[in-house]
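The values are calculated or read from the model by the stated rules, or taken from the named source; none is laboratory data. Please read these numbers as outputs of a predicted model, since none were measured by experiment. Cβ sites come from the backbone with ideal geometry, for glycine too, and all protein chains shown count toward neighbours. Ligands, DNA and RNA are stripped out before the accessible areas are found, and what is left, the full protein with its side chains, is counted by its heavy atoms. Shrake-Rupley method; radii C 1.70, N 1.55, O 1.52, S 1.80 Å.
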Amino acid sequence: MINEVGDTDNPVFIEEAYKKSNNNSSSPPDLMIFDNCLFSNSTLKNYLYSKKYNIKYQESIFIDNSKKYHEDYWAIVPTDIIDIIDTESSSIELSFELDSNNPLYNDYLFESIIVDKKKTKGIQPIFIEPYTKEIVIEESILEFIKENKLTGLSFIDITKFQPHKMFKKNNDIINI
């Protein structure tokens with residue numbers, strides 16, 4: 001399992017992967033992403049809660065196409081925005097600048113990403129990375145998701161992240 005991810009010291013991105021079904025009565029998957037929140041059934045929420053991470057949780061209800069309620073969901077809201085990219089060593093190009101002091105408001109193109117290991121020490125296990133504007137999770141959370149076969153998302157190592165990879169099948173995506 002670890003060899004799928006590569007360097008296990010790197011955080012992993014979450015990509016939305018809600019597959020549309022031909023069956024209108026299909027249930028939502030175990031995991032979903034919407035507006036920088038991770039939505040999960042209670043399996044992942046209970047695991048994160050047991051670890052006492054500084055993460056906000058909000059009960060959520062989903063209604064499927066058959067008007068069936070799914071009440072066993074939680075919004076898991078990252079509480080931190082953390083820059084972990086080594087911008088000096090990475091190949092990043094600024095494509096649009098709104099605020100030179102805040103990378104979250106700007107748009108970037110990535111040729112290669114290098115993680116600054118000093119920035120990853122002691123940080124929260126789920127956060128928003130401002131240069132990519134994506135949710136980042138640590139390896140232990142990915143392993144929990146894989147072990148429990150939680151469906152709905154695919155993952156990519158942050159060092160292999162490029163926006164176009166998030167929308168089409170490629171060898172860097174880890175599917176559960």
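Numbers for the structure displayed
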quantity: Residue-normalised accessible area of region 50-94, given per residue in Å² at a 1.4 Å probe; calculated: 68 Å²
quantity: In order through region 106-118: 3J(HN,Hα) via Karplus (6.51 cos²θ - 1.76 cosθ + 1.60), integer Hz, x for Gly, Pro; calculated: 9, 10, 10, 10, 10, 9, 8, 10, 10, 7, 7, 4, 5
quantity: Accessible carbon and sulfur surface of region 117-173 relative to its total accessible area, %, 1.4 Å; calculated: 52 percent
quantity: Built amide H within the under 5 Å cut-off of Ile174, gap 5+; calculated: Phe155, Ile156
quantity: Low-density loop positions, chymotrypsin sites (Phe, Trp or Tyr not before Pro), region 128-168 - DSSP coil, at most 16 other Cβ in 10 Å; calculated: Phe167
quantity: GluC sites (Glu not before Pro) restricted to region 34-94 and DSSP loop, no more than 10 other C-beta within 10 Å; calculated: Glu88
quantity: At most 13 other Cβ within 10 Å, DSSP loop - trypsin sites (Lys or Arg not before Pro), region 51-147; calculated: Lys51, Lys52, Lys67, Lys68, Lys121
quantity: Dipole magnitude (debye, nearest 20) for region 77-134, charges at Cβ of Lys, Arg, Asp, Glu; calculated: 360 debye
